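Chemist: Below is a structure I'd like to ask you about.
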Amino acid sequence: MLQGAYETSSGFMRDDLRSKGYLPDAGDPLTYSGEEVASEGVLAVTGENAVVDWVTLELHDATDSTLLYAKRGLLLQRNGQVIVPNDGAKDIVFAGVAPGNYRVSIHHRNHLGVMSEGALALSANPQLLDFSDPALAVQGGALSRYVSGNKAMLWAGDADANARIIANGPNTDLNTLLGYVLTEPTNTHQDTNFRLNGYFNTDLNLDGVTIYAGPGTDANLLIGNVLMYPNNQTVSLNYVVGIPKEEIVTPLVNVARQYGVATQSTTLSDNDSAAQAIDGDWGTISHTNNVGGDWWQLKLPTAVNIASIVIYSDSHPLFYNWMAGITVYVSDSPYSDALSDADKVATLSGVFINTITLNPARSGAYVILKANSANYLRMAEVDVYAQAPDGGIIPVDKLFNLNGQLQRRQQLR
């Protein structure tokens, strides 16, 4: 069962991808390049046997699960049954694989995969393996699957297909979702509440629509899974859900939001203060007054090892084009007219989101942005990821402004 597609009211999964005509008939093109093709007859079936989406089934070594022997692309029905794409058969045959003991895993393009804990003795005689049974022992233990009532399901939210669900910090699935929406060519105004129709990894509930902001968002499903994950005892949005046996709390937090003080050279109006670039609300803007040599800086209480910086401009092309040529510095000293080239870490591009990855991390107590010649600085958010100065984990109510992030402004200033 797939958590994102599961409907509690019916006890089955939705088949919107099939009914809307979005489901590809030649394997899952996003995560698997096999040769399986679904027949028209199989895709025409309705009711509880209707097809939900493609999945892959894998056979692994009995003792070393990193050894993969075989993989097949299969179709998942609303009732949780996996079938052969071309004829709808329920017996899954791996051609050319010798009888023996194998671990079995099942994977989906935007859900976390799961593997049997023990090896199964496979032969020409079919065996039933029910991953939806909460009692089935799987690698990683009980938390490897989401359980609702008597149904165990794969966790939803892995939009970038890297076997982790990440809502905050570097390389988040939330940013992947936002990026798909904003870069869709038909989203001409780059609205964050744009409804992206089609077969996309970012459609976490498999209803055929990717929604970042507004009613029925896929973002809420992702964030909810991180916050409510049983091992996330601090209810931290920084928690990383990874299966199997990769449930970790990342030490990186947005130190700008939690500990920083922002200042800037000038302010365009009373509503454009420097602090609005670190308030956790993408609907507010920091904006300088373009007097030449404009700058913005973040001051931290002490030097930290900064791993990445993510800078969000305004979503309108006119404004994010202003980002081109802005230089970014990480320094132990505040802004001055004589910034050191040794402290320079990046020159920004004229895009909505600039991500700067610092490997190795760069130590500093100040992050400084300097405009390119006579130009404005206009930012929605500046996120700076590092270990918290006190090494602590930040509570979610302080870490992330949910209302600000999910209800990001929908109209241009």
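Chemist: I'm trying to understand the selection: among the residues of segment 97-112, which are closer than 9 Å to Asp158 by Cβ and either at pLDDT below 90 or part of a strand (DSSP E or B) (or both)?
Modeler: His108, His111, Leu112
Chemist: Have a look at Leu143, Leu128 and point out the one that is assigned by TED's automatic domain parsing to the domain that holds Gly80 and in contact (Cβ under 8 Å) with a residue 60 or more places away in the chain.
Modeler: Sole residue among the options that is assigned by TED's automatic domain parsing to the domain that holds Gly80 and in contact (Cβ under 8 Å) with a residue 60 or more places away in the chain: Leu143.
Chemist: Could you say which residue among Asp294, Asp314 is surrounded by 20 or more Cβ atoms within 10 Å (Cβ to Cβ), closer than 27 Å to Glu184 by Cβ, out of contact with any Pro (no Cβ under 6 Å at 6 or more places or on another chain) and among the acidic types (Asp, Glu)?
Modeler: Just a single option satisfies the conditions, and that option is Asp314.
Chemist: Does Gly27 meet the test of being assigned to a loop (DSSP other than H, G, I, E, B), modelled with pLDDT of 90 or more and buried (at least 17 other Cβ atoms within 10 Å of the Cβ)?
Modeler: When the stated conditions are applied, Gly27 does not pass them.
Chemist: Please go through segment 177-222 and give me each residue that is among the polar types (S, T, N, Q) and within 23 Å of Leu237 (Cα to Cα), ordered by number.
Modeler: The answer is Thr192, Asn193, Asn201, Thr202, Asn205, Thr210, Thr217, Asn220.
Chemist: Is one or more of the residues making up segment 218-235 polar (S, T, N, Q), farther than 30 Å from Leu23 by Cβ, in a helix (DSSP H, G or I) and more than 19 Å from the chain's Cα centre (by Cα)?
Modeler: No: segment 218-235 contains no residue that is polar (S, T, N, Q), farther than 30 Å from Leu23 by Cβ, in a helix (DSSP H, G or I) and more than 19 Å from the chain's Cα centre (by Cα).
Chemist: Please go through segment 44-68 and give me each residue that is within 29 Å of the chain's Cα centre (by Cα), over 20 Å from Asn201 (Cα atoms) and outside any loop (DSSP other than H, G, I, E, B), ordered by number.
Modeler: Selection gives Glu58, Leu59, His60, Leu68.
Chemist: Of the conditions (1) modelled with pLDDT of 95 or more; (2) more than 26 Å from Phe200 (Cβ to Cβ), Gln81 fails just one. Which one is it?
Modeler: Only one criterion in (1) modelled with pLDDT of 95 or more; (2) more than 26 Å from Phe200 (Cβ to Cβ) is unmet by Gln81, namely (2).
Chemist: Tally up the residues in segment 146-193 that are surrounded by fewer than 21 Cβ atoms within 10 Å (Cβ to Cβ) and not in a helix (DSSP H, G or I), please.
Modeler: 21
Chemist: Quick one: which of Asn205, Asn231 is over 20 Å from Asp314 (Cα atoms), surrounded by fewer than 18 Cβ atoms within 10 Å (Cβ to Cβ), in contact (Cβ under 8 Å) with a residue 24 or more places away in the chain and outside the structural domain of Ser65 (by TED's automatic domain parsing)?
Modeler: Asn231
Chemist: Regarding Ala346, is this residue surrounded by fewer than 22 Cβ atoms within 10 Å (Cβ to Cβ), modelled with pLDDT of 90 or more and under 28 Å from the mean Cα position of the chain (by Cα)?
Modeler: Criteria met by Ala346.
The values are calculated or read from the model by the stated rules, or taken from the named source; none is laboratory data. Nothing here was measured: the structure is a model prediction, and the numbers come from that model. Note: ideal-geometry Cβ built from the backbone for every residue, glycine included; neighbour counts use all protein chains shown.
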